[in-house]
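The values are calculated or read from the model by the stated rules, or taken from the named source; none is laboratory data. Since the structure is predicted, the reported quantities are computational estimates derived from the model, not experimental observations. Don't worry about glycine lacking a Cβ; one is built from the backbone with ideal geometry, like all the others, and counts go over all protein chains shown.
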Amino acid sequence: MKTVVVAGDLVWDNNLVQCPAAPATHHELLDSAILHRRAGGAWYLMDLISMACSDLDTDVKGPNKRTPGKSTSQAYQLWSLHEKKAGSKEKVWRISRFMGCQTTSQEVSREYLPDYGSGSAIQDVLVLDMPWFFQGKL
């Protein structure tokens, strides 16, 4: 069995949905959710790698998830419906605007470090999610 360890930036993605029809009043109920919060950054990358390697003999390890707090960066995206292809009547949801990221200045606690389990400390693959480190340097 191969072991893949994922580490890096931890971000809570705050996905704001722009509904096709705006409510008439501020207390009108909406048919869909307006805000969807999801674990992003290294957490999201760990989920993607786990799904991609689900048919392989691998053990994917990464940081433990916890509820958003002051020690986790927050990213904000606005989603809206777009044409699937130019001129198409079929619609798909896409990020229409990235609204920024509020980074944390606090130290990351140990619970955010990859969970190596009780086995050997030797890993086969290390995957790092560090988009802010490379920003403007490539």
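Just a few scattered comments:
- Residue within the range 10-25 that is under 17 Å from residue 123 (Cα atoms), of a type in the set (A, V, I, L, M, F, W, C) and either part of a loop (DSSP other than H, G, I, E, B) or modelled with pLDDT under 90 (or both) present: no
- Subset of the range 41-68 [under 15 Å from residue 13 (Cα atoms) and in contact with a Ser or Thr (Cβ under 9 Å, 6 or more places away or on another chain)]: 41, 66
- Qualifying positions in the range 38-57 - loosely packed, with under 15 Cβ neighbours inside 10 Å and either out of contact with any helix residue (DSSP H, G or I) (no Cβ under 8 Å at 6 or more places or on another chain) or assigned to a helix (DSSP H, G or I) (or both): 48, 51, 52, 54, 55, 56, 57
- Taken over the range 56-102, the criterion of being within 29 Å of residue 4 (Cα to Cα) and out of contact with any strand residue (DSSP E or B) (no Cβ under 8 Å at 6 or more places or on another chain) is satisfied by 64, 66, 67, 69, 70, 71.
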